[in-house]
Amino acid sequence: MIRSSLLLFASLSAVALAQAPTAKEIEKVYPDAHALYLDLHQNPELSAHETQTAAKLAARLRSSGYDVTEHVGGTGIVAMLKNGEGPTIMLRTELDALPVEEKTGLPYASKVRTKDDAGREVPVMHACGHDLHMAALLGTAEVLAHSKDTWHGTLMLIGQPAEETISGADGMIRDGLFTRFPKPDVAVALHVNNELPAGMVAITPGIYNTNADSVRIVIYGKGGHGAAPNATVDPIVIAARTILALQTITSREVKPGEMAVVTVGYVHAGTKNNIIPDQAEMGLTVRTYKQDVRKQILSAITRITKGEAAAADAPREPSIERYEGTDAVYNDPALAQRLRPPLEAALGKGNVVIAEPITPSEDFSYFVEQGVPGFYFSLGGADPEKFAQAKAAGTMLPSNHSPLFAPDVDPALHTGIFRNFAVLRNLLNASTEELRKLTAEQSSR
Ligand SMILES: [Zn+2]
Ligand SMILES: [Zn+2]
């Protein structure tokens, strides 16, 4: 009896040891991942136009032994690696870059310019770090392909287009992501940022980020001569009053302490100083944690906008259109609890921290809404020295989407691969039943 439990213990520790990724395994795949990073960073593509990006990632995954399907939901890719019985675990990366002019001064800075969907020439930059996510996914794919004796089940890697426009996840699902391919038992993703030094990761059990809604408002007036305002209804004045009135939603209507942001990000109206235009357009972003606060704000925007137009005797009701939206990403707490120890084992206890929810949003929530339990977390990207200096000075390093956003690639990419590997290999050592039982609470939240 004692002997058999000793044997059991020995075999369990062998599994535990086999699960711990080694630096040697990571070093073997790192050059490939780093080369892909440099290539992608210098050749960024805008949302829904990631054709070269997807082709490069697909080719690399194919040569690592993955069964790759391209053009899923536009430029999306799905790479499968079957390795016997077991759960299906999905790892997702985004493919897209942003219309931002890179000003990092890095030797591999992007110089790419292209036409956007409206036909305007724009600079393009991987200012959100999706290039690092793709490189980490490739490194992880290779290391898992090289160590098939340490896990079982099906690995599903996806390259998702158009995250920045919150449309790519939805597009892939509509194109059969979970019907043409197996529906995963767990979906995993990460996001690099400058709020943590490279080498660290942050977990947020429960609500990870915000509900996001994009609202377009067109206010209709009556155009005419700038010198004869009495013969017009000036939509610029209505817009100005509306913008100020919208500020009272969070300051006067929402309960103090609730997370709520209403930002007017653009106002477009008029062509010349002495012409009163006949309409004004503005674009808003709304962020919330709770569904009831979200509903309250969206309805207040409609009420105030219509009210201001009516007060000015506008000839037509304004048009108010919610044209993009995504729910907050929900991190299954049981998964977060299960995955914290393997992350600590891989990265060191002090390098895994629990963090507050963040305000930027993301469409990973679409996968979770399909009933797939999710584990999404933050990967430190900041140069540790610069991070410490900024903290001491009470300043912040450039955030994602900044023209100066430049992750400290070597430690961040190493950690990204290490972390993906630790999480995936842990999940790919569980049984499907075990994961289903663990995440059963998901639907009752
Ligand atoms: Zn991003
Ligand atoms: Zn972004």
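To keep it simple, each residue is scored yes or no on (1) within 16 Å of ligand 1 (Cβ to nearest atom); (2) surrounded by fewer than 23 Cβ atoms within 10 Å (Cβ to Cβ); (3) of a type in the set (D, E, K, R).
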{"site": "Tyr330", "(1), (2), (3)": "no, yes, no"}
{"site": "Arg338", "(1), (2), (3)": "no, yes, yes"}
{"site": "Pro341", "(1), (2), (3)": "no, yes, no"}
{"site": "Ala345", "(1), (2), (3)": "no, yes, no"}
{"site": "Val352", "(1), (2), (3)": "no, yes, no"}
{"site": "Glu362", "(1), (2), (3)": "yes, no, yes"}
{"site": "Leu379", "(1), (2), (3)": "yes, no, no"}
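Just to check your reading of the model, which residue among Ala345, Ala355, Ala406 is under 18 Å from Pro205 (Cβ atoms) and in contact (Cβ under 8 Å) with a residue 60 or more places away in the chain? Talk me through it step by step, then tell me what you get.
Numbers: Ala345 fails: under 18 Å from Pro205 (Cβ atoms); Ala406 fails: under 18 Å from Pro205 (Cβ atoms).
Being under 18 Å from Pro205 (Cβ atoms) and in contact (Cβ under 8 Å) with a residue 60 or more places away in the chain holds for just one of Ala345, Ala355, Ala406, which is Ala355.
If I ask for residues that are surrounded by fewer than 17 Cβ atoms within 10 Å (Cβ to Cβ) and farther than 16 Å from Ser147 by Cα, which ones from segment 70-84 would you list?
Result: His71, single match.
Hey, does segment 91-101 have a residue that's small (Gly, Ala, Ser), closer than 24 Å to Pro373 by Cβ and within 16 Å of ligand 1 (Cβ to nearest atom)?
no
Those residues that are within 16 Å of ligand 1 (Cβ to nearest atom) and either more than 13 Å from the chain's Cα centre (by Cα) or free of Cβ contacts under 8 Å to residues at least 24 places away in the same chain (or both), I need them from segment 145-169; list them, please.
Ile158
Quick one: in segment 205-227, which of the residues that are at pLDDT below 95 and in a loop (DSSP other than H, G, I, E, B) is farthest from Ile243 (Cα to Cα)?
It comes out as Pro205.
For segment 271-299, give me each residue that is farther than 17 Å from Pro256 by Cα and outside any loop (DSSP other than H, G, I, E, B). Even if it seems obvious, please write down each step before you answer.
Here is the first cut: in segment 271-299, the residues farther than 17 Å from Pro256 by Cα are 271-285, 298-299.
Selection gives Ile275, Ile276, Gln279, Ala280, Glu281, Met282, Gly283, Leu284, Thr285, Leu298, Ser299.
Look through Gly153, Gly199, Gly171 and report the one residue that is open to solvent by 10 Å² or more (accessible area, probe 1.4 Å) and at positive phi. Talk me through it step by step, then tell me what you get.
Details: Gly153 fails: open to solvent by 10 Å² or more (accessible area, probe 1.4 Å); Gly171 fails: at positive phi.
Every option except Gly199 fails the conditions.
If I go through segment 50-83 residue by residue, how many of them are touching a strand residue (DSSP E or B) at 6+ places or on another chain (Cβ under 7 Å) and assigned to a loop (DSSP other than H, G, I, E, B)?
Step one: list which residues in segment 50-83 are touching a strand residue (DSSP E or B) at 6+ places or on another chain (Cβ under 7 Å), which gives 54, 57-58, 61-62, 65-70, 72, 76-83.
Those left that are additionally assigned to a loop (DSSP other than H, G, I, E, B): 65-66.
Of the residues in segment 50-83, 2 are touching a strand residue (DSSP E or B) at 6+ places or on another chain (Cβ under 7 Å) and assigned to a loop (DSSP other than H, G, I, E, B).
Every residue in segment 74-103 that is among the β-branched types (Val, Ile, Thr) and within 16 Å of ligand 2 (Cβ to nearest atom), please.
Thr93, Val100
What are the pairs, 6+ residues apart or on separate chains, where a residue within segment 303-321 that is closer than 15 Å to Asp234 by Cα has its Cβ under 7 Å from a residue that is among the polar types (S, T, N, Q)?
That search, which allows pairs on different chains as well, returns Thr305/Thr242; Glu308/Thr242; Pro318/Thr305.
Within segment 428-443, is there a residue that is of a type in the set (Val, Ile, Thr) and modelled with pLDDT of 95 or more?
no
Which numbered condition trips up His133, out of (1) within 20 Å of His34 (Cβ to Cβ); (2) more than 16 Å from ligand 2 (Cβ to nearest atom); (3) buried (at least 24 other Cβ atoms within 10 Å of the Cβ)?
Failed condition: (2).
How about segment 384-439: which of its residues are at positive phi and within 16 Å of ligand 2 (Cβ to nearest atom)?
His401
Any idea which of Ala355, Ala422, Ala382 is among the small types (Gly, Ala, Ser), over 30 Å from Arg174 (Cβ atoms) and modelled with pLDDT of 95 or more?
Answer to the check: Ala382.
When you go through Pro107, Pro99 one by one, which is the residue that is under 20 Å from the mean Cα position of the chain (by Cα) and open to solvent by 50 Å² or more (accessible area, probe 1.4 Å)? Give the steps one after another, and end with the answer.
Details: Pro107 fails: under 20 Å from the mean Cα position of the chain (by Cα).
Step by step, each of Pro107, Pro99 is checked, and only Pro99 is under 20 Å from the mean Cα position of the chain (by Cα) and open to solvent by 50 Å² or more (accessible area, probe 1.4 Å).
Across segment 23-37, which residue is modelled with the highest pLDDT among those that are surrounded by 14 or more Cβ atoms within 10 Å (Cβ to Cβ) and farther than 13 Å from Leu137 by Cα? First the steps, then the outcome.
In the first step, residues of segment 23-37 are kept if they are surrounded by 14 or more Cβ atoms within 10 Å (Cβ to Cβ); the result is 25-26, 28-30, 32-34, 36-37.
Of the ones still in play, those that are also farther than 13 Å from Leu137 by Cα are 25, 28.
Values: Glu25: 84, Lys28: 92.
Among them, the one singled out is Lys28.
Taking segment 128-144, which residues are in contact with a helix residue (DSSP H, G or I) (Cβ under 7 Å, 6 or more places away or on another chain) and within 12 Å of ligand 1 (Cβ to nearest atom)?
Once the filter is applied, which keeps residues that are in contact with a helix residue (DSSP H, G or I) (Cβ under 7 Å, 6 or more places away or on another chain) and within 12 Å of ligand 1 (Cβ to nearest atom), segment 128-144 yields Asp131, Leu132, Met134.
So which pairs qualify, if the first residue must be in segment 131-143 and within 8 Å of Gly416 (Cβ to Cβ), the second must be open to solvent by 10 Å² or more (accessible area, probe 1.4 Å) and at pLDDT 95 or above, the Cβ gap must be under 6 Å, and the two must be at least 6 apart or on different chains?
Between residues of segment 131-143 that are within 8 Å of Gly416 (Cβ to Cβ) and residues that are open to solvent by 10 Å² or more (accessible area, probe 1.4 Å) and at pLDDT 95 or above, the close pairs are Leu132/Pro407.
The values are calculated or read from the model by the stated rules, or taken from the named source; none is laboratory data. Since we're looking at a predicted model, the values are computed, not measured. As a convention, Cβ positions derive from the backbone with ideal geometry for all residues, glycine included, and neighbour counts pool all protein chains shown. Please note that ligands, DNA and RNA were not included when accessible areas were found on the heavy atoms of the full protein model with its side chains. Shrake-Rupley method; radii C 1.70, N 1.55, O 1.52, S 1.80 Å.
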